[in-house]
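Student: Input: one structure, supplied below.
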Amino acid sequence: MQIKSLVVAVAATLFSAPLFAQAPAAPATQPAMQGTIGLAAEAEVPPASRSADQWVARMADFTKNSQAFKDPEVFAYWMNAMTDPAMVAAMTEAGLEPGNWLHMMTTMLQPAAMTNYAQFMMDPMIYARWGGAMVNPMWYTKLATDMANPRKIMGWMMLPMDQRLMQASMKMLDPNLYLKFMMMPTDPRGMALMFAPMNPQLYGSMMGGLVNPQLVGGANSTWGTFMYPTQPVISLQPRAPLELPINLLDPKTYGNVLNIIPGMPTGLPSFTGGQAGAVPGAAPFPFNMIPSMPGAGQSAALTLPAPVGGAAVNPYLASQQAAPAAFAVKAGAASTLSLGGDALFRTGKSSIKDLTPEGRAKLDDLVAKIKAFGAIDSIKVTGHADKMGKASANQKLSVARAKSVSAYLKSKGVKAKTFTSSGMGDTKPVVDCDMNLAKEALKTCLAPNRRVEIEVTGAKK
């Protein structure tokens, strides 16, 4: 009996040992889950290479967030991330944005979410892998050594001084944050979520995530059209921030409310550029201004107040006032989409892995529009930088960002007769700023110059 138990234990250990070698190879990239309608699939990042932000984004995606419980190897990497103090700041920051909650709720209503969790009932290999891990001492060793990492222990001790966590804590003091959560039902994504349960085909599509189309006579059969709709019941929404129409921290907001009531006094103090007290040299107030509402007997025209710090500090007022036209691919004509570098890449970075979740969402939206159009004659990607730093470094950064965007589009299946990328460095600015400004003010003023422009020309039809 003892010999039999020993044989079982050795066999289980040999079965699971390749998962936890001293230098494990990166896990094979899993195919994209079917049934997520609306956004192109994001590039899969191996569990060993995921940052705290990438783990948080994955945990909030119900079409793929159970991977850690299907594979003991991935579970070990997940536990390593969850016990890292960086996860606290990442989860706090993500939880303070209503747009992330709207994205998470749309993933719950995807057929792929049903497929994701149904694998626990239909895939016996999940339990075979866990059985092997349970008797593998190397698996427990990996968990223990990851948790006992001295860097983590020091990180937990220093957590109260973490810059990201401190910034997130300051956001909690902003009343606009709570107003944004109250306005979630008025966001188009929130409205789609409210009305989706009234559509019977939502429940049919969720059943389709569990049933093979061949069992109901194919996707074009009577039941197939109900369970596998060609049009999405609810599209998978991006993690775009939710915007507010007013600013509770702007004193003019309350003056505008009084202006609506005839005869009410409106002599509230003026705060130029949102700066309290207008003290010379004081830092600008960190929130944007809003249009002034007309009072009784005044013209109905809306006027935008001066931008933060005055027009002399930020001459980009004209482009702030004008809402950008929606991008659309045109047949035989070039259409240009300009994406801000700050929203596209992490600061100073240029590789595909450094794309922000917001940047990926914008590129995925562009991919969907290009594919919906059809044949493309040419795509030209041009990177631009601001004048901060050395010109040679700016040129190199602009070229690298253009190449990364091109590579990302190609990885999503975008094709064109000619596909080029180039960098212009800081030679083609769209705004000019006083280079003697304080560093942060100068960086804000030059933000429009940090961009990637994508010019798409559709084939003539």
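Please treat every number below as a calculation from the coordinates, not as lab data. All of these numbers come straight from a predicted model, not from anything done at the bench. Reconstructed Cβ throughout: ideal geometry from the backbone, glycine too, with neighbour counts over all protein chains shown.
Student: Please give the Cα centre distance for the stretch 187-250 versus the stretch 420-461, rounded to the nearest Å.
Tutor: 37
Student: Starting from the Cα of Lys410, draw a straight line to each of the aspartates and glutamates and keep only those under 12 Å, dropping any in the same chain fewer than 8 residues away.
Tutor: Asp364
Student: Here's another thing I want to ask about it. Give the calculated FRET efficiency between Met157 and Ser51 to the nearest 0.05, with a Förster radius of 22 Å applied to their Cβ-Cβ distance.
Tutor: Working: r = 21 Å, r/R0 = 0.97.
Efficiency computed from Cβ-Cβ geometry: 0.55.
Student: Normalising by the residue count of the stretch 321-458, find the relative contact order in percent from Cα pairs under 8 Å and 6+ residues apart. Don't skip to the end; give the middle numbers.
Tutor: Numbers: 248 pairs, mean separation 52.5, N = 138.
Once normalised by length, the contact order is 38 percent.
Student: Within 15 Å, Cβ to Cβ, of Met105, how many net charges do the neighbouring residues add up to if Lys/Arg are +1 and Asp/Glu are -1?
Tutor: Value of the local net charge: -1.
Student: Related question: Roughly what would the spin-label model give for Asp434 and Ala407, points 7 Å off Cα along C-beta, in nm?
Tutor: 4.1
Student: Cross-link candidates for Lys390: which lysines have Cα within less than 24 Å, leaving aside residues fewer than 8 places away along the same chain?
Tutor: Once the sequence-local lysines are set aside, what remains near Lys390 is Lys349, Lys403, Lys428, Lys439, Lys443.
Student: Sorted by average packing, counted as other Cβ atoms within 10 angstrom per residue and highest first, what order do 209-219, 126-136, 375-385 take?
Tutor: The most tightly packed comes first, giving 375-385, 126-136, 209-219.
Student: Using a cut-off of 11 Å between beta-carbons, work out the net charge of the residues near Val88 (Lys and Arg +1, Asp and Glu -1, Val88 not included). Let's see the in-between values first.
Tutor: Working: positive: Arg164; negative: Asp84, Glu93, Asp162.
After counting each charged neighbour, the total is -2.
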